[in-house]
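Asker: Submitted below is the structure of interest, expressed as structure tokens.
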């Protein structure tokens, strides 16, 4: 599924409220199950069903799920 870019931006804004080092959106790569969001500071793997919920109704994603997702952030110091 192709998502509008604003979905990635919105999700990264929400995640940056939990993990301030996430950075800004740079690019994304996806398959049927996961989307890798590359940011100015690293990457985060986001399940496609998570993006679908962000697209359809962001309120369906609770704070605990965002915290869990933010813990998967992998910084890249280049």
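Asker: Rounded to two decimals, what ratio of Rg to Rh does the chain give with C-alpha atoms and a Kirkwood Rh?
Answerer: The Rg/Rh ratio comes out at 0.92.
Asker: Would you please put 36-45, 15-24 in order of how densely packed they are, using the mean number of other Cβ atoms within 10 angstrom per residue and starting with the highest?
Answerer: Answer by packing, highest mean first, reads 36-45, 15-24.
Asker: So what's the back-of-envelope 222 nm ellipticity for the chain, counting only DSSP H runs of four-plus at -39500 (n - 2.57) apiece and dividing by all residues, rounded to 500?
Answerer: Only helices count here, giving -11000 deg cm²/dmol.
Asker: If you don't mind, there's one more thing I want to ask. Multiply the residue separation of residue 26 and residue 64 by 0.36 nm, subtract the distance between their alpha-carbon atoms, and state the gained length in nm to one decimal.
Answerer: Once the chain is fully extended between residue 26 and residue 64, it gains 11.2 nm.
Values quoted throughout were computed directly from the atomic coordinates according to the rules given, and no laboratory measurement underlies them. Computed from a predicted structure; not experimentally measured. Every residue, glycine as well, gets a Cβ built from its backbone with ideal geometry; the counts of neighbours run over all protein chains shown.
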